[in-house]
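Just so it is clear, none of the values below were taken in a lab; they were calculated from the coordinates. Note that the structure is predicted; figures quoted are calculated from it, not measured. Please note: Cβ atoms are built from the backbone with ideal geometry, for glycine as well, and neighbour counts cover all protein chains shown.
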């Protein structure tokens with residue numbers, strides 16, 4: 001005679017609760033279609049009998065994984081993570097939103113995920129949809145997802161030609177605000193630090209040009225300096241610029257706060273006063289930007305709204321709706337690194 | 001008559017390749033037990049016939065999810081993410097390591113995951129094991145995992161009483177190095193900024209006391225200032241300290257680089273010279289610490305070794321081995337914020 005306790009099945013739980021198997025199954029998923037009293041009763045019986053829902057078996061039945069894959073695009077050239085604090089902010093919002101909606105989050109980086117995304121995540125039912133985060137260069141795998149009709153949304157910059165939904169900040173408007181502000185502070189020769197092969201940065205470069213032209217200043221190609229997303233790159237690029245023909249710079253617009261902080265370091269080391277001799281504006285408003293010295297003027301991206309919108313649009317897409325591209329408004333936060341007329 | 005192509009089964013692929021189903025299955029998983037030629041042949045046939053492995057169905061057969069859940073503990077008091085750049089660094093390493101080992105990474109935050117972790121992740125077969133990352137306070141759910149025999153490893157500080165493997169930096173030794181360095185620079189009244197309810201920070205506080213006592217200085221409880229993991233907290237706490245009885249401070253040891261940068265900001269705003277009047281050392285060596293002005297002396301944690309070790313120990317545990325607690329060495333990186341006799 002066997003001593004082990006009988007393994008309970010869903011049918012057993014349903015019988016004990018006096019409901020159908022489908023009602024018991026829904027109650028265990030806490031589906032609000034079932035009234036609260038019944039849900040509680042079924043869940044209590046399941047708990048009393050140590051009945052566990054096997055998520056894998058459940059997925060096989062419903063053909064949904066209740067999981068979203070979040071892919072962070074890496075820089076193809078350097079194979080380094082875009083480790084901006086900005087990224088952690090938006091990842092945190094996405095994680096919270098997905099959990100609140102009953103989804104798990106499968107996190108991957110494109111560095112190691114050199115797979116066929118459709119086959120790996122979607123066809124295999126590892127995920128019901130994808131969120132791709134990339135300030136990066138254009139990635140052919142994104143087009144493949146779109147062509148295959150896989151539900152996904154991209155965080156980045158829309159160029160208008162995409163056949164898929166792109167959600168991101170109004171990069172061009174943000175840059176325009178930043179550079180118009182520098183011009184108002186009296187800057188005439190403003191360098192642009194950022195890698196314009198990245199679509200978001202390209203948009204910021206267009207906004208930089210917009211502001212210059214609006215003030216009657218002709219953009220100089222020599223003042224656009226390709227710079228990776230790091231403080232180190234901002235530092236080295238600015239050091240180099242100071243040794244080159246750019247000694248007459250009076251302003252810097254950096255495509256990220258990290259780059260701006262590196263640039264500021266190089267200027268201060270050379271005894272150049274910020275903002276009196278060179279005024280600086282960054283982009284992102286990471287937490288640290290208020291606490292460097294001088295504190296950094298920057299363009300604030302609304303990561304909270306961004307993360308929420310990515311999740312809402314993707315889930316609407318999965319439910320058969322359409323997801324639309326959206327531009328989120330940004331705002332200028334002015335601090336010591338650019339304000340010449342105050343303290 | 002149906003027009004749709006026949007859906008291929010594993011049996012069909014095996015037949016076409018002239019191998020057994022189990023060989024075909026292994027070949028599709030790229031299992032090196034099968035010789036490379038056979039693997040390639042089977043994979044080619046599968047690709048030619050658009051045969052997709054259903055990951056969910058496969059998991060059900062093997063009773064493995066090939067997924068690891070990574071849980072980031074939040075501060076229970078503030079319910080805010082510990083958004084230190086340090087966290088993103090180690091997450092990136094873990095993601096790369098898991099992918100290289102054929103595992104997916106399910107990322108969760110404890111803020112919203114107020115579930116029974118064992119039941120949600122392990123019993124449901126959502127994950128084969130867990131990595132819990134917390135500089136946080138003690139979490140009862142961790143004890144529950146250990147009691148239930150769920151394979152997991154914790155990133156944090158071992159106190160010696162844990163019944164589970166803890167991997168983390170040698171926080172006490174790091175703090176001891178930092179404070180001994182400040183004393184060598186002539187500091188005598190050194191404040192400690194950090195929240196000692198967090199076990200890792202408590203260890204750093206012990207190391208701070210070790211260094212003081214070794215130099216014959218009696219630790220003053222009034223110089224330990226509870227401070228959250230943010231630049232803002234470091235700034236506000238230092239401002240407060242300057243208005244209080246701590247005007248005679250000549251050194252600050254901060255439990256994170258973010259706190260140190262906030263403290264530095266408050267000192268500079270009050271016209272206090274760093275390092276001449278107050279020398280500062282942080283902890284972590286985040287990328288930004290080299291680029292603030294003055295640049296920040298800090299204790300470097302080896303995130304790369306840490307992430308690799310977490311994954312290696314967990315996978316060994318899942319395979320039936322034992323995972324051991326390990327302390328990783330740290331080192332002092334000295335920069336401008338503490339060096340009084342150079343520059």
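Distances from residue A:220 to the same residue in each other copy, label points 7 Å out along Cα→Cβ, in nm, shortest first?
5.4
Just check chain A against the gyration tensor rule for me: Cα atoms, a ≥ b ≥ c as the square roots of the eigenvalues, rounded for a/c under 1.5, and otherwise prolate or oblate depending on whether a/b exceeds b/c. List each step's numbers first, then the result.
On the way: a/c = 2.96, a/b = 2.62, b/c = 1.13.
Prolate, because a/c is 1.5 or more and a/b exceeds b/c.
For peptide B:91-99, how many partner chain Cβ atoms fall within 10 Å of a residue's Cβ, on average? If you can, show how the numbers build up before the last one.
Working: counts 7, 9, 1, 1, 8, 6, 1, 3, 7.
Mean partner shielding for this stretch: 5.
For residue A:322, place a label point 7 Å out from Cα along the Cα→Cβ vector, do the same in each other copy, and report the separations in nm, one decimal, smallest first.
Copy-to-copy label distances at residue A:322, shortest first: 6.3 nm.
For the stretch A:208-249, what is the convex hull volume of the alpha-carbon atoms per residue, in Å³?
On the way: hull volume 3.4 nm³, N = 42.
Output value, Cα hull per residue: 81 Å³.
So which residue, out of B:51, B:283, B:253, gets the largest mean-square fluctuation from a GNM of chain B using Cα contacts under 10 Å as springs?
B:51
Sorted from fewest to most neighbouring beta carbons within 10 Å, what does the list A:71, A:259 look like?
The most exposed by this proxy come first: A:71, A:259.
Taking the beta-carbon count within 10 Å as an exposure proxy, list A:8, A:203, A:264 from fewest neighbours to most.
So the residues, fewest neighbours to most, are A:8, A:203, A:264.
Just report the Cα centroid separation between the stretch B:266-343 and the stretch A:164-183, whole Å.
34
Pairwise over distinct Cα atoms, reciprocal of the mean inverse distance: report the Kirkwood radius of the protein assembly as shown in Å, one decimal place. List each step's numbers first, then the result.
Numbers: mean 1/r = 0.0364 Å⁻¹.
Radius from the Kirkwood sum: 27.5 Å.
Tell me, what is the Rg over Rh of the stretch B:214-343, with Rh the Kirkwood radius over Cα pairs? If you can, show how the numbers build up before the last one.
Details: Rg = 17.9 Å, Rh = 16.3 Å.
With Rh from the inverse mean 1/r over Cα pairs, Rg/Rh is 1.09.
Using a 10 Å cut-off around each Cβ, can you sort B:337, A:295 from fewest to most neighbouring Cβ atoms? Don't skip to the answer; put the middle values down first.
Values: B:337 26, A:295 19.
By the 10 Å Cβ count, ascending, the order reads A:295, B:337.
For chain A, set up a GNM with springs between Cα atoms under 10 Å and report which of A:35, A:171, A:226 has the largest fluctuation.
Per the Cα network of chain A with a 10 Å cutoff, A:35 tops the list.
For residue A:48, place a label point 7 Å out from Cα along the Cα→Cβ vector, do the same in each other copy, and report the separations in nm, one decimal, smallest first.
Residue A:48 label point versus its equivalents elsewhere: 5.9 nm.
Specify the angular offset, from 0 to 90 degrees and rounded to the nearest 10, of the alpha carbon long axis of helix B:303-318 from the longest principal axis of the alpha carbons in chain B.
For helix B:303-318, the angle is close to 40 degrees.
Taking beta carbons within 10 Å but only from partner chains, what does the mean come to for residues B:284-295? Each step should come with its number before you reach the end.
Numbers: counts 0, 0, 4, 9, 12, 1, 6, 16, 9, 10, 3, 2.
Mean shielding count: 6.
Hey, in the GNM for chain A with a 10 angstrom Cα cutoff, which one of A:27, A:191, A:254 fluctuates hardest?
A:27
Do the sum for chain B: with -39,500 (n - 2.57) for every DSSP H run of n ≥ 4, divided by all residues, what is the mean residue ellipticity at 222 nm, to the nearest 500 deg cm²/dmol?
Details: 11 runs with 134 residues, N = 343.
The helix contribution divided over chain B gives -12000 deg cm²/dmol.
Please give the average number of partner chain Cβ atoms lying within 10 Å of the Cβ of each residue in A:121-133, rounded to a whole number. If you can, show how the numbers build up before the last one.
On the way: counts 2, 1, 5, 7, 6, 8, 2, 0, 0, 0, 0, 0, 0.
Partner Cβ neighbours, averaged per residue: 2.
With a point put 7 Å past each Cα toward its Cβ, work out how far residue B:197 is from residue B:339 in nm, to one decimal.
Here the answer is 3.9 nm between the modelled labels.
If I histogram all Cα-Cα distances within the stretch A:10-53 using bins 5 Å wide from 0, what percent of pairs lands in each bin?
Taking every Cα pair in the stretch A:10-53, the percentages come to 5, 30, 40, 21, 3.
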